[in-house]
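J.: Could you have a look at this structure, given as structure tokens, before my questions?
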């Protein structure tokens, strides 16, 4: 109920996901509003169900206040459905802060996870996808948080994108180990000791060149990087449209190159990836843009189903438990 085009985009996207992949979707929101929107589309036989939620959290409401005061919001009802096992995942294009605060409280974090993190997908020049963790869930982080982000991002890259040994980099202002702020300098040795393919410090220019599979940073830097990238892509698309339609010759060129242009749009279209999974919680949660289209919602539902099917949470929990056990055994064996 909280997206810029709600509930139209959510209903259309849910229908597309149900039709294309047979995924059962619970549409959570004000029943009369959702039912009215659903009536505008042919949906007979699709595995869709409406779950009533009487309240809506707007985009400008503070997360903590809305959680306390709106106990029957669509976000909170959706989170309870996941907690109670009626749903395997929650997809929302609503108030991001409210979504994250709600799922953290209602679902809780996985054992061993101090702070759940958002994993954003960045396309690369090699046609691969790079995962950036965190892109906005935690604006202030400690070194051990970045260590956990690296572990969760590496597992997600392996499980979802099939990368046998993902290459992990720590986002900083220089490649030298001594570069960066206090956070990155303290996080560096923590990531270095992990049994991962650690590339060391990496710069912003490496995000899109395809040399990395996972980029680790705090949520403040990650969100800035994400928003700048989205704005740049929109600027490039707008500039290309203007340039290709400015002259007669260019119009001919546009016709000849529309396939390449369409490929560019698809490669850098956020809606192809749906949304960002919140890694480290008990359950599945996909956080979408407020301006998500039906296509983005459809793909977010697909991602939620895939994260559940591939048991990402179980993999993260098991990996963290193994590492904690090794550290404990090492500490016990240390005579000092």
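The values are calculated or read from the model by the stated rules, or taken from the named source; none is laboratory data. Nothing here was measured: the structure is a model prediction, and the numbers come from that model. Every residue, glycine among them, receives a Cβ derived from its backbone with ideal geometry; neighbour counts consider all protein chains shown.
J.: If you take just the strands (runs of 3 or more DSSP E) that sit entirely in the range 149-221, which of them hold at least 1 residues that are over 22 Å from residue 281 (Cα atoms), touching a residue at least 12 places away in the same chain (Cβ under 8 Å) and touching a strand residue (DSSP E or B) at 6+ places or on another chain (Cβ under 9 Å)?
T.: Values: elements: 167-171, 197-202, 214-216.
Strands (runs of 3 or more DSSP E) meeting the threshold: 167-171, 197-202.
J.: For the range 282-298, give me each residue that is part of a helix (DSSP H, G or I) and touching a strand residue (DSSP E or B) at 6+ places or on another chain (Cβ under 8 Å). Talk me through it step by step, then tell me what you get.
T.: First, the residues of the range 282-298 that are part of a helix (DSSP H, G or I): 294-298.
Listed by number, the list holds a single entry, 297.
J.: Among the residues of the range 94-116, which ones are buried (at least 24 other Cβ atoms within 10 Å of the Cβ) and either assigned to a loop (DSSP other than H, G, I, E, B) or not assigned by TED's automatic domain parsing to the domain that holds residue 55 (or both)?
T.: Scanning the range 94-116 gives 94, 95, 116.
J.: Against the definition (surrounded by fewer than 18 Cβ atoms within 10 Å (Cβ to Cβ), closer than 15 Å to residue 284 by Cα and touching a residue at least 24 places away in the same chain (Cβ under 8 Å)), how does residue 89 come out, yes or no? Write out each step before concluding.
T.: Details: surrounded by fewer than 18 Cβ atoms within 10 Å (Cβ to Cβ): no; closer than 15 Å to residue 284 by Cα: yes; touching a residue at least 24 places away in the same chain (Cβ under 8 Å): yes.
Considered against the rule, which asks whether it is surrounded by fewer than 18 Cβ atoms within 10 Å (Cβ to Cβ), closer than 15 Å to residue 284 by Cα and touching a residue at least 24 places away in the same chain (Cβ under 8 Å), residue 89 comes out as no.
J.: OK, next. For the range 185-197: of the residues being under 22 Å from residue 220 (Cα atoms) and in contact with a helix residue (DSSP H, G or I) (Cβ under 8 Å, 6 or more places away or on another chain), which is surrounded by the most Cβ atoms within 10 Å (Cβ to Cβ)? Step through it out loud before you land on a result.
T.: Start the filter on the range 185-197 by keeping residues that are under 22 Å from residue 220 (Cα atoms), which leaves 185-191.
Imposing the further condition that a residue be in contact with a helix residue (DSSP H, G or I) (Cβ under 8 Å, 6 or more places away or on another chain) reduces the set to 186-187, 190-191.
Numbers: 186: 15, 187: 27, 190: 16, 191: 23.
This residue is 187.
J.: Mind telling me which of the residues 50, 75 ends up being surrounded by 20 or more Cβ atoms within 10 Å (Cβ to Cβ) and touching a helix residue (DSSP H, G or I) at 6+ places or on another chain (Cβ under 7 Å)?
T.: So the residue among 50, 75 that is surrounded by 20 or more Cβ atoms within 10 Å (Cβ to Cβ) and touching a helix residue (DSSP H, G or I) at 6+ places or on another chain (Cβ under 7 Å) is 75.
J.: Quick check on residue 80: is it surrounded by fewer than 15 Cβ atoms within 10 Å (Cβ to Cβ) and part of a helix (DSSP H, G or I)?
T.: Working: surrounded by fewer than 15 Cβ atoms within 10 Å (Cβ to Cβ): no; part of a helix (DSSP H, G or I): yes.
So residue 80 does not fit the description; no.
J.: Another question, if that's okay. Scanning for something outside the structural domain of residue 159 (by TED's automatic domain parsing), over 12 Å from the mean Cα position of the chain (by Cα), closer than 23 Å to residue 102 by Cα and part of a loop (DSSP other than H, G, I, E, B), does the range 299-309 turn up at least one residue?
T.: Scanning the range 299-309, I find no residue that is outside the structural domain of residue 159 (by TED's automatic domain parsing), over 12 Å from the mean Cα position of the chain (by Cα), closer than 23 Å to residue 102 by Cα and part of a loop (DSSP other than H, G, I, E, B), so the answer is no.
J.: Let me ask something else about it. Kindly check whether there is at least one residue in the range 11-21 that is outside any helix (DSSP H, G or I), within 21 Å of the chain's Cα centre (by Cα) and either closer than 21 Å to residue 296 by Cα or outside the structural domain of residue 96 (by TED's automatic domain parsing) (or both).
T.: no
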